[in-house]
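Below is one structure; the comments refer to it alone.
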Amino acid sequence: MEALKINGVEKQFPAGQLPSTVAKLLEALDIEGATAAAEIDGEIIDREKFAETKLRNGQSIELVRFVGGG
Amino acid sequence: MDKLVIAGKKFSSRLLVGTGKFASSEVMAEALEKSGAEIVTVALRRVDIENKNDDTLRAIDVKKYLLLPNTSGARDAEEAVRLAKLARAATGINWVKLEVTPDPYYLLPDPVETLKAAEILVKDGFIVLPYINADPILAKKLEDAGTATVMPLASPIGSNQGLKTRAALEIIIEQANVPVVVDAGLGLPSHAAEAMEMGADAVLINTAIATAAEPGEMAAAFKLAVEAGRMAYKAGAAAASKRASASSPLTGFLRNAQKEE
């Protein structure tokens, strides 16, 4: 098993099925990438780099987006 | 109405609207439309992996409105800077409504952390609109640090209490060289009109619109109030006095001449 910590919750993937990039992860989670922001181990990833940013077993990922607010 | 200019960008509307607390995206979209607002605030939160349908941004036409991400939830400067950078990464927008509110009960902004975050963000190229208590000295320091506006509160966020900080707001307005946006606590169109009559450059309304029985109608009412208040300010208020001053001539009354003395 491999795992990523996504928004504080550990998500496991069968060996070899860990999404290879941020874009692939968003796709797997069915999240619209155009309005999301991602942080991997505390480092912000530019949206244009979602497709090229590789993911590794054990990384901690924050996925955020806009909600209503004042 | 004269234009509002923030960081060199011109706006026809002096009403900024927050997007929180609306019953639905449809109700929000209608209220934004009727408010005439050109700047709308949004918050940044973790994606709810289990409920991905709640995507506010989809209901907001980003070609029509300037999205102003806030740093709500930040308890210190470090968290606020992180949120601002994430917001910029999500949209490419470098405008940020800076709010640092460590106290969950009154949600009052932390002046020390707000100033610290503002200095960092301005240096990093952000257009910073800081939410602050109505503190004239802090407003000055933020302006000196390069913020695009100051956004003093009228009363605690979402309290609808109106202009409880009036005397301090008047000093801020008198001294400011950047637009003063009165934010938080304005509960009625009359509160907004009063702030504008005092010379505020704009107001930001969320709760008073979003939680009204008819948010669309209330948004329209705020639009009129803000316009009326601005027009009144520009027209120059007549002086107030303690004693009456007759509006009608005090001569030519239909009574005996002897009694007219």
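The values are calculated or read from the model by the stated rules, or taken from the named source; none is laboratory data. Predicted model, so just to flag it, every value in this text is computed and none were measured. Backbone-built Cβ (ideal geometry, glycine too); neighbour counts: all protein chains shown. Side chains included, ligands, DNA and RNA excluded: accessible areas come from the protein's heavy atoms. Shrake-Rupley method; radii C 1.70, N 1.55, O 1.52, S 1.80 Å.
Before we move on, is B:ARG88 within 10 Å of chain A (Cβ to nearest Cβ), under 15 Å from B:VAL128 (Cβ atoms) and either polar (S, T, N, Q) or open to solvent by 10 Å² or more (accessible area, probe 1.4 Å) (or both)? Quick ask: steps written out before the conclusion?
Details: within 10 Å of chain A (Cβ to nearest Cβ): yes; under 15 Å from B:VAL128 (Cβ atoms): yes; either polar (S, T, N, Q) or open to solvent by 10 Å² or more (accessible area, probe 1.4 Å) (or both): yes.
Yes; evaluated as a whole, the condition is true for this residue.
Considering only residues that are within 14 Å of another protein chain (Cβ to nearest Cβ) and surrounded by fewer than 16 Cβ atoms within 10 Å (Cβ to Cβ), which ones fall in region A:14-28?
Scanning region A:14-28 gives A:GLU27, A:ALA28.
Please pick out the residue among B:ALA80, B:ALA74, B:ALA31 that is among the aliphatic types (A, V, I, L, M), over 13 Å from A:PHE66 (Cβ atoms), buried (at least 23 other Cβ atoms within 10 Å of the Cβ) and more than 13 Å from chain A (Cβ to nearest Cβ). Talk me through it step by step, then tell me what you get.
Numbers: B:ALA74 fails: more than 13 Å from chain A (Cβ to nearest Cβ); B:ALA31 fails: more than 13 Å from chain A (Cβ to nearest Cβ).
The conditions single out B:ALA80.
Restricting to region A:39-61, and then to whatever is within 7 Å of chain B (Cβ to nearest Cβ), outside any loop (DSSP other than H, G, I, E, B) and not aliphatic (A, V, I, L, M), can you tell me which residue is nearest to B:VAL40 (Cα to Cα)?
Within region A:39-61, the match that is nearest to B:VAL40 (Cα to Cα) is A:ARG47.
In this structure, is B:TYR105 more than 27 Å from B:TYR65 (Cα to Cα), of a type in the set (Ser, Thr, Tyr) and either assigned to a loop (DSSP other than H, G, I, E, B) or in contact with a strand residue (DSSP E or B) (Cβ under 7 Å, 6 or more places away or on another chain) (or both)?
yes
Given the conditions (1) touching a strand residue (DSSP E or B) at 6+ places or on another chain (Cβ under 7 Å); (2) surrounded by fewer than 23 Cβ atoms within 10 Å (Cβ to Cβ), which single one is not true for B:LYS63?
Single failed check for B:LYS63: (1).
In region B:93-108, which residues are of a type in the set (Phe, Trp, Tyr), surrounded by fewer than 17 Cβ atoms within 10 Å (Cβ to Cβ) and in contact (Cβ under 8 Å) with a residue 12 or more places away in the chain?
If the condition is that a residue be of a type in the set (Phe, Trp, Tyr), surrounded by fewer than 17 Cβ atoms within 10 Å (Cβ to Cβ) and in contact (Cβ under 8 Å) with a residue 12 or more places away in the chain, then B:TYR106 is the only one that fits.
Which count do you get for residues in region B:108-119 that are in contact with a strand residue (DSSP E or B) (Cβ under 6 Å, 6 or more places away or on another chain) and either polar (S, T, N, Q) or assigned to a loop (DSSP other than H, G, I, E, B) (or both)?
Of the residues in that region, 2 qualify.
So which pairs qualify, if the first residue must be in region A:34-51 and under 22 Å from B:VAL62 (Cα atoms), the second must be of a type in the set (Phe, Trp, Tyr), the Cβ gap must be under 7 Å, and the two must be at least 6 apart or on different chains?
What qualifies is A:THR35/A:PHE66; A:ALA38/A:PHE50.
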